[in-house]
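Data block below; observations after.
The values are calculated or read from the model by the stated rules, or taken from the named source; none is laboratory data. Everything quoted here is computed from the prediction, not taken from an experiment. Please note: Cβ atoms are built from the backbone with ideal geometry, for glycine as well, and neighbour counts cover all protein chains shown.
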Amino acid sequence: MNRTLPLAILLGLLALVVAPLALAHPHPHPHVHGGFGHGLLHPLVGLDHLLAMAGFGVWASQQGDARKALLLPAAFLAAMVAGFAIGLASAPSMAVEFGILGSVLLVGGLVAWGGRLPLSAGMGLAAVFALFHGHAHGAEMAAGLSGLSFGAGFLLASAGLLAAGVGLERLARRSVPAMPLARGAGVGIVLAGLVLVALF
């Protein structure tokens, strides 16, 4: 085995958790979204979204079932689209922001736990988490801007983050004892989530 690969994987996971802290936004005030570019960038520079989506991808892959690794992220994306559509007809809500922060903490806990759940339970969790993330961005769309354009960018970036989480977990599983590494990443996600809560 390449001795540098485990270190590279660990550094990649740490970067995923730590690097966006400088760009983190705990959403203390509503902010406006619009356009494909904004949609594409927002999940990548918002620590709450990045951690929740990439972390959920890691947990989906931890289920050890290729079918779940596909269906759980797909359920997340479908529920996020539904939440976005609901949000377009709603006002921004602090309760939704708390739901997003809660999803980061819960996803980190799931990754640290690494346990397997029935597909129906996993899809239910995906739906709850993703509805919050989708709703927040639909509600923050500026009047007159294309929700379809922003939503397409947001969906594409979110799919990429979920896929990255799945890929990182699979790579780690083939290269190093995956459970300690994943648990460490999960704890890191929880700690980053607690920082966001403190900044809220």
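Exactly one residue out of GLY57, GLY83, GLY87 is touching a Gly at 6+ places or on another chain (Cβ under 6 Å), touching a residue at least 40 places away in the same chain (Cβ under 8 Å), under 26 Å from ARG174 (Cα atoms) and part of a helix (DSSP H, G or I): that is GLY57.
Take residues that are in contact (Cβ under 8 Å) with a residue 60 or more places away in the chain and under 20 Å from LEU71 (Cβ atoms) and tell me which of the helices (runs of 4 or more DSSP H) falling wholly in the range 100-200 contain 3 or more. Counting at least 3 such residues, we get 119-139, 147-175. Just one of the listed residues (GLY99, GLY144) is under 16 Å from PHE56 (Cα atoms) and either modelled with pLDDT of 95 or more or out of contact with any Ser or Thr (no Cβ under 6 Å at 6 or more places or on another chain) (or both), namely GLY99.
Counting only residues that are touching an Asp or Glu at 6+ places or on another chain (Cβ under 8 Å) and either closer than 22 Å to GLY184 by Cα or charged (D, E, K, R) (or both), the range 79-102 holds 2 of them.
When the residues of the range 147-165 are filtered to those that are at pLDDT below 90 and either out of contact with any helix residue (DSSP H, G or I) (no Cβ under 6 Å at 6 or more places or on another chain) or over 14 Å from GLY87 (Cα atoms) (or both), the one that is surrounded by the fewest Cβ atoms within 10 Å (Cβ to Cβ) is LEU148. For the range 53-66, filtered to residues that are more than 16 Å from MET123 (Cβ to Cβ) and touching a helix residue (DSSP H, G or I) at 6+ places or on another chain (Cβ under 8 Å), the residue that is surrounded by the most Cβ atoms within 10 Å (Cβ to Cβ) is GLY55. Quick check: is even one residue across the range 113-124 buried (at least 20 other Cβ atoms within 10 Å of the Cβ), over 19 Å from LEU41 (Cα atoms) and not basic (Lys, Arg)? Checked against the condition, which is being buried (at least 20 other Cβ atoms within 10 Å of the Cβ), over 19 Å from LEU41 (Cα atoms) and not basic (Lys, Arg), the range 113-124 yields at least one hit. Of everything listed in (1) surrounded by fewer than 19 Cβ atoms within 10 Å (Cβ to Cβ); (2) β-branched (Val, Ile, Thr); (3) modelled with pLDDT of 90 or more; (4) within 16 Å of SER61 (Cβ to Cβ), the single unmet condition for VAL176 is (3). Taking GLY99, is it at positive phi, in contact with a helix residue (DSSP H, G or I) (Cβ under 7 Å, 6 or more places away or on another chain) and surrounded by fewer than 21 Cβ atoms within 10 Å (Cβ to Cβ)? For GLY99, the condition - at positive phi, in contact with a helix residue (DSSP H, G or I) (Cβ under 7 Å, 6 or more places away or on another chain) and surrounded by fewer than 21 Cβ atoms within 10 Å (Cβ to Cβ) - is not met.
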